[in-house]
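A.B. asks: Sharing a structure, written as structure tokens. Questions coming.
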């Protein structure tokens, strides 16, 4: 097993960080690695915003509900971005571009490009001994985040990434069995039931025995709770208001 695979397999979310800063060179390296992710048709449909203003960090901490937003060494905000493509064109060509840019397909292109870039950034950061935590909580009030960052049309904030030196080493949360995730040639519904039942039993043991936040829970119960209690339903209209995923 090589060092890259070892880094990936050691991943865990870090929510407590040391006060040690990361260097401008580390930030540049992380962003460069993000830029070298695969990108659909060379669009590179994302923008990464580094948050260094303490007032903005406080506002994003309140919105997300996570103290590590402000207590990490550096916060990156990853945005899906088709604005720069739109502004390459003349006014006449911009009108011709709208049907494509505002389509569900291009919305997917932008969100996938952003996620691929972010995961490259994560692997780069972890390879340098840094810890990371994705911050989906910025979508708790996505319109406020949009306004704070002054984002134009065709740009939406997707998630944050808190980065810094770990001040704890939480247990690694188990993943679903490989054969639940990996299918061959077709989607095999039947094989999943028994595997997920066993995974629930194993995960229940993990939750009971772990050092922090021990509880009784299963993956199935978590997913049922999550999807029977809709959250962030304002995101749909926000995305359309930003002129994405309209067609």
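A.B. asks: Take the residues in the stretch 10-24 that are over 18 Å from the mean Cα position of the chain (by Cα) and not in a loop (DSSP other than H, G, I, E, B), then tell me which one is farthest from residue 130 (Cα to Cα).
C.D. replies: Taking the candidates together, the pick is 24.
A.B. asks: Tell me yes or no: at least one residue of the stretch 179-195 is touching a residue at least 24 places away in the same chain (Cβ under 8 Å), over 30 Å from residue 85 (Cα atoms) and surrounded by fewer than 12 Cβ atoms within 10 Å (Cβ to Cβ). Steps first, answer last, please.
C.D. replies: Within the stretch 179-195, the subset touching a residue at least 24 places away in the same chain (Cβ under 8 Å) is none.
Checking the stretch 179-195: not a single residue is touching a residue at least 24 places away in the same chain (Cβ under 8 Å), over 30 Å from residue 85 (Cα atoms) and surrounded by fewer than 12 Cβ atoms within 10 Å (Cβ to Cβ).
A.B. asks: Now, a different point. One residue is enough: does the stretch 191-203 have a residue meeting the conditions out of contact with any strand residue (DSSP E or B) (no Cβ under 6 Å at 6 or more places or on another chain) and assigned to a loop (DSSP other than H, G, I, E, B)?
C.D. replies: As a first pass, look at the stretch 191-203 and keep what is out of contact with any strand residue (DSSP E or B) (no Cβ under 6 Å at 6 or more places or on another chain): 191-203.
In the following step, the residues that additionally are assigned to a loop (DSSP other than H, G, I, E, B) were identified as 191.
Yes, because at least one residue in the stretch 191-203 is out of contact with any strand residue (DSSP E or B) (no Cβ under 6 Å at 6 or more places or on another chain) and assigned to a loop (DSSP other than H, G, I, E, B).
A.B. asks: A follow-up question, please. Condition first: over 14 Å from residue 58 (Cα atoms) and touching a residue at least 24 places away in the same chain (Cβ under 8 Å). Now tell me which residues in the stretch 142-155 satisfy that.
C.D. replies: Within the stretch 142-155, 142, 143, 146, 151, 152, 153, 154, 155 meet the criteria.
A.B. asks: Restricting to the stretch 32-48, name every residue that is crowded, with 17+ Cβ neighbours inside 10 Å and assigned to a helix (DSSP H, G or I).
C.D. replies: Of everything in the stretch 32-48, those that are crowded, with 17+ Cβ neighbours inside 10 Å and assigned to a helix (DSSP H, G or I) turn out to be 33, 34.
A.B. asks: Then there's this: All but one of (1) over 27 Å from residue 174 (Cα atoms); (2) outside any helix (DSSP H, G or I); (3) at pLDDT 95 or above; (4) touching a helix residue (DSSP H, G or I) at 6+ places or on another chain (Cβ under 6 Å) hold for residue 243; state the number of the condition that does not hold.
C.D. replies: For residue 243, the failing item is (4).
A.B. asks: Another question, then. Being closer than 17 Å to residue 111 by Cβ and touching a strand residue (DSSP E or B) at 6+ places or on another chain (Cβ under 8 Å) is the filter here, so list the residues in the stretch 28-45 that pass it.
C.D. replies: 34, 45
A.B. asks: Let me ask something else about it. Of 232, 225, which residue is surrounded by fewer than 17 Cβ atoms within 10 Å (Cβ to Cβ), modelled with pLDDT of 95 or more and part of a loop (DSSP other than H, G, I, E, B)?
C.D. replies: On the way: 225 fails: part of a loop (DSSP other than H, G, I, E, B).
When all the criteria are applied, what remains is 232.
A.B. asks: Another one. Only one of (1) more than 18 Å from the chain's Cα centre (by Cα); (2) free of Cβ contacts under 8 Å to residues at least 40 places away in the same chain; (3) closer than 23 Å to residue 118 by Cα is not met by residue 50, so which one is it?
C.D. replies: (1)
A.B. asks: Right, another one. Checking the conditions here, which among 233, 223 is under 19 Å from the mean Cα position of the chain (by Cα) and within 22 Å of residue 62 (Cα to Cα)? Spell out how you get there, then give the answer.
C.D. replies: Numbers: 223 fails: within 22 Å of residue 62 (Cα to Cα).
Selected residue: 233, the only one of 233, 223 that is under 19 Å from the mean Cα position of the chain (by Cα) and within 22 Å of residue 62 (Cα to Cα).
A.B. asks: If you go through the stretch 166-186 one residue at a time, how many are outside any loop (DSSP other than H, G, I, E, B) and over 19 Å from residue 196 (Cβ atoms)? Break it down stepwise before answering.
C.D. replies: Of the stretch 166-186, the ones outside any loop (DSSP other than H, G, I, E, B) are 166, 178-181.
Keeping just the survivors that are over 19 Å from residue 196 (Cβ atoms) gives 166.
Counting residues in the stretch 166-186 that are outside any loop (DSSP other than H, G, I, E, B) and over 19 Å from residue 196 (Cβ atoms) gives 1.
The values are calculated or read from the model by the stated rules, or taken from the named source; none is laboratory data. Just so we're clear, the structure is a prediction, and the values are computed from it rather than from any experiment. Neighbour counts are summed over all protein chains in view; Cβ atoms, including those assigned to glycine, are modelled from backbone coordinates with ideal geometry.
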